[in-house]
Each structure stands twice: as C-alpha cells, then as structure tokens.
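Novice: Before I ask anything, here is the structure I am working with.
The values are calculated or read from the model by the stated rules, or taken from the named source; none is laboratory data. Keep in mind that this is a model prediction, so the values were computed, not measured. Ideal geometry is used to build each Cβ from the backbone, glycine not excepted, and the neighbour counts take in all protein chains shown. Note: areas computed on protein heavy atoms with side chains; ligands, DNA, RNA excluded. Shrake-Rupley method; radii C 1.70, N 1.55, O 1.52, S 1.80 Å.
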Amino acid sequence: MLEKLPPGVLLARGVARALAGHGFVSIEEFAPTQGLRVDVMGLGPKGEFWVIECKSGRADFRADNKWHHYLPWCDRFFWAVDSDFPQDVLPEEGGIFVADAYDAEILRMAPQTSLAPARRKVLTRKFATHAARRLHALRDPEARLSV
C-alpha cells in the first residue's frame with residue numbers, strides 16, 4: 001500500500017512520526033495563511049512551530065519558489081529529503097531531516113527565530129481548529145463542516 005503513495009507523502013509520514021517522538025503534534029498540508037501551504041507543520045510541547053518542506057528530488061526542490069515565505073510562520077524551518085538527495089543544494093536557512101516512510105532523523109538543526117506573540121496566538125488557534133476539523137471529518141465523513 002505504501003509503495004503507491006507519492007514520495008513526498010512518504011517523507012511527510014516519516015517526519016510526522018519523528019516529530020511525535022520529539023513531543024510534537026503535526027498536520028500535513030497546512031495553510032498558515034492564504035496563499036501558502038506547508039507540507040508539515042509541527043507544534044511542539046513548548047508551543048513552538050516547525051515547518052517542514054518535503055522534497056522528493058532535485059527537480060522538486062528547484063520548482064519550489066515559495067519556501068522563503070514560510071519563514072515568518074515558524075520558529076524553525078526544515079527540509080525533509082531522502083537519503084539519496086544531494087543535501088549540498090539545500091539553503092543554510094533551513095535544517096535537514098533525512099526521512100523515509102517510517103521515520104526521520106534531524107541531520108542539521110534549523111536556526112531558531114521567534115514568532116511574534118500575536119502571530120503565535122493566531123497560528124495556534126488555526127492549527128487547533130484545522131486539526132479538530134480533520135478529526136471530525138474522519139469520524140463523520142458525511143458531516144458538512146464550515147471552512
């Protein structure tokens with residue numbers, strides 16, 4: 001079953017498992033603001049937000065021209081790649097996870113920044129609302145949820 005999933009989805013799965021091991025909860029395909037969609041957003045035990053962009057190959061990385069817009073929406077920014085990815089092409093502004101479908105490991109810790117308190121509050125509320133809607137949709141797929 002896993003072999004039928006796109007490589008980026010498998011990377012996100014491994015990253016989500018690794019984040020859970022660090023005490024984080026996560027959401028895949030999360031929009032912190034209109035016009036942006038991150039692959040994985042993690043919320044840590046101290047309220048910190050990590051954004052992780054999953055790249056399945058060099059072409060996928062080169063096609064991504066929005067990643068720098070994610071930096072104001074997190075405390076740390078990471079790339080998630082597989083073990084064959086050429087890591088030397090990844091910008092220093094981000095940390096590096098090496099991942100597969102089953103787990104991930106942080107190879108380079110991302111530089112830390114701090115979200116403004118007002119932005120953190122809005123992002124925390126949006127994260128919680130999004131997670132609750134996803135859970136509700138899983139429990140009751142026929143429900144009509146307002147967006």
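Novice: Could you work out [θ]222 nm for the chain from helices alone, using -39500 (n - 2.57) per DSSP H run of at least four and dividing by all its residues? Round to the nearest 500 deg cm²/dmol.
Specialist: Values: 4 runs with 48 residues, N = 147.
Computed mean residue ellipticity for the chain: -10000 deg cm²/dmol.
Novice: Suppose every K and R has +1 on its Cβ and every D and E has -1 on its Cβ; what is the size of the dipole of segment 1-61 about the Cα centre, in Debye to the nearest 20? Before the final figure, lay out each step's value.
Specialist: On the way: 7 positive and 7 negative charges, 20 e Å.
Here the size comes out at about 100 debye.
Novice: Give the accessible surface of the chain per residue, rounded to a whole number of Å², with probe radius 1.4 Å and ligands, DNA and RNA excluded. All intermediate terms of the calculation are to be shown ahead of the outcome.
Specialist: Details: 8630 Å² over 147 residues.
Solvent-accessible surface per residue comes out at 59 Å².
Novice: Then there is this: Quick one: length gained pulling R108 to V122 fully straight, 0.36 nm per residue minus the C-alpha distance? List each step's numbers first, then the result.
Specialist: On the way: separation 14, 0.36 × 14 = 5.04 nm, distance 2.84 nm.
Value of the extension gain: 2.2 nm.
Novice: Using only the Cα atoms, work out Rg/Rh for segment 39-147, with Rh taken as the Kirkwood radius, to two decimals. Please list the in-between numbers first.
Specialist: Working: Rg = 15.7 Å, Rh = 15.4 Å.
Using Cα coordinates only, the ratio equals 1.02.
Novice: Oh, and also: Out of the total accessible area of segment 1-93 (probe 1.4 Å, heavy atoms of protein only), what percent is carbon and sulfur? Working shown, then result.
Specialist: Details: 2450 of 4700 Å².
Answer for segment 1-93: carbon and sulfur cover 52 percent of the accessible area.
Novice: Oh, and also: Rank A59, T113, T33 by how far each Cα sits towards the positive end of the charge dipole of the chain (+1 on Lys, Arg Cβ; -1 on Asp, Glu Cβ) and give me just the farthest.
Specialist: Farthest along the dipole direction, towards plus: T33.
Novice: Cross-link candidates for K121: which aspartates and glutamates have Cα within less than 19 Å, leaving aside residues fewer than 8 places away along the same chain?
Specialist: E48, D75
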